[in-house]
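Peer 1: Sharing a structure, written as structure tokens. Questions coming.
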Amino acid sequence: MKVSASFLSSKNIPNDLIKLNETDVDYIHLDIMDGKFVKNKTMPFREMKNIYKYTSKRLDVHLMVSDPLKYIPLYAELNTEYITFHIEVDQDIEKCLNLIKSYSIKAGLAIKPDTPISSLVPYLPYLDMILVMSVEPGAGGQSFIEESENRLEEVRTLLDEYKIDAVINIDGGVNNETVKMCSKADIVVSGSYIISSDDFQEKINTLR
Ligand code: DX5
Ligand code: ZN
């Protein structure tokens, strides 16, 4: 199991990024919110891009924005492995996925807890990642929705059925207990569980 650490709930981002950089965490999960697709808003790109000063980890970028086409070129500039946006956006999904790939970055689609898994089917051939949300997007520190375990299973079945080689990521409320419901995922995102501790590495180990 790979672990992607979210610093959305961090009170001291430079400090927490430096501490995460000393662990063997696989990715930094970068939550981007525009105040439209979700109520909250994260800092603008001109500030966010400075995270490169504190981390050398590859980024797993999660765009919770209504206009991915505007944000993809910005986040493609960073040390980015994946860019993921939401299937619920009112945009040309294929165009957004192709834009990500034009930068040779892996492309993902995120899916909210109430969106049917079957809506992913038309896009499967273009996907490197599926990000299953196990909370409503918009804030860190929420509780894991237990139904997500079945949704992970459903995504795994789809990938097998269509012979698609994409990774499954799960995001929201993942800790040492709820990770037991994530066995069908390849990557787990964890935020407050890691960041609220004084021993990041120990928490990361419990997720693997
Ligand atoms: C929720 C974000 C998550 C969140 C994860 O909108 O996409 O990445 O920050 O944090 P925890 O682990 O605290 O739920
Ligand atoms: Zn996220």
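Just so you know, all these numbers are worked out from the coordinates, no wet-lab data involved. Because the structure is predicted, anything quoted here is derived from the model rather than measured. Heads up, the Cβs are rebuilt from the backbone with ideal geometry, glycines too, and the neighbour counts pull from every protein chain shown.
Peer 1: Give the residue that is farthest from residue 10 (Cα to Cα), with candidates limited to residues of the stretch 38-58 that are within 12 Å of ligand 2 (Cβ to nearest atom) and out of contact with any Pro (no Cβ under 8 Å at 6 or more places or on another chain).
Peer 2: So the residue we want is 40.
Peer 1: Do we have residue 146 as within 16 Å of the chain's Cα centre (by Cα), charged (D, E, K, R) and part of a loop (DSSP other than H, G, I, E, B) here?
Peer 2: Answer is no for this residue.
Peer 1: Next up: Go through the stretch 43-69 and count every residue that is within 17 Å of residue 110 (Cβ to Cβ), in a helix (DSSP H, G or I) and not aliphatic (A, V, I, L, M).
Peer 2: The total comes to 1.
Peer 1: Let me ask another. Considering each of 95, 163 in turn, give the residue that is in a helix (DSSP H, G or I), of a type in the set (D, E, K, R) and over 23 Å from residue 7 (Cβ atoms).
Peer 2: 95
Peer 1: Check residue 73 against each of (1) within 16 Å of ligand 2 (Cβ to nearest atom); (2) touching a Leu at 6+ places or on another chain (Cβ under 8 Å) and name the one condition it does not meet.
Peer 2: (1)
Peer 1: Additional query: Would you tally the residues in the stretch 169-178 being surrounded by 21 or more Cβ atoms within 10 Å (Cβ to Cβ) and either more than 12 Å from ligand 1 (Cβ to nearest atom) or in a helix (DSSP H, G or I) (or both)?
Peer 2: 1
Peer 1: Any residue at all in the stretch 46-56 that's away from ligand 1 (no atom under 16 Å from the Cβ), farther than 20 Å from residue 193 by Cβ and of a type in the set (Gly, Ala, Ser)?
Peer 2: The answer is yes, given that some residue of the stretch 46-56 is away from ligand 1 (no atom under 16 Å from the Cβ), farther than 20 Å from residue 193 by Cβ and of a type in the set (Gly, Ala, Ser).
Peer 1: Specify the residue that is farthest from residue 82 (Cα to Cα); the eligible residues are those in the stretch 182-208 that are of a type in the set (D, E, K, R) and in a helix (DSSP H, G or I).
Peer 2: If we take residues in the stretch 182-208 being of a type in the set (D, E, K, R) and in a helix (DSSP H, G or I), then 202 is farthest from residue 82 (Cα to Cα).
Peer 1: Under the condition of being under 19 Å from residue 11 (Cα atoms) and away from ligand 2 (no atom under 16 Å from the Cβ), which residue from the stretch 179-203 is surrounded by the fewest Cβ atoms within 10 Å (Cβ to Cβ)?
Peer 2: 198
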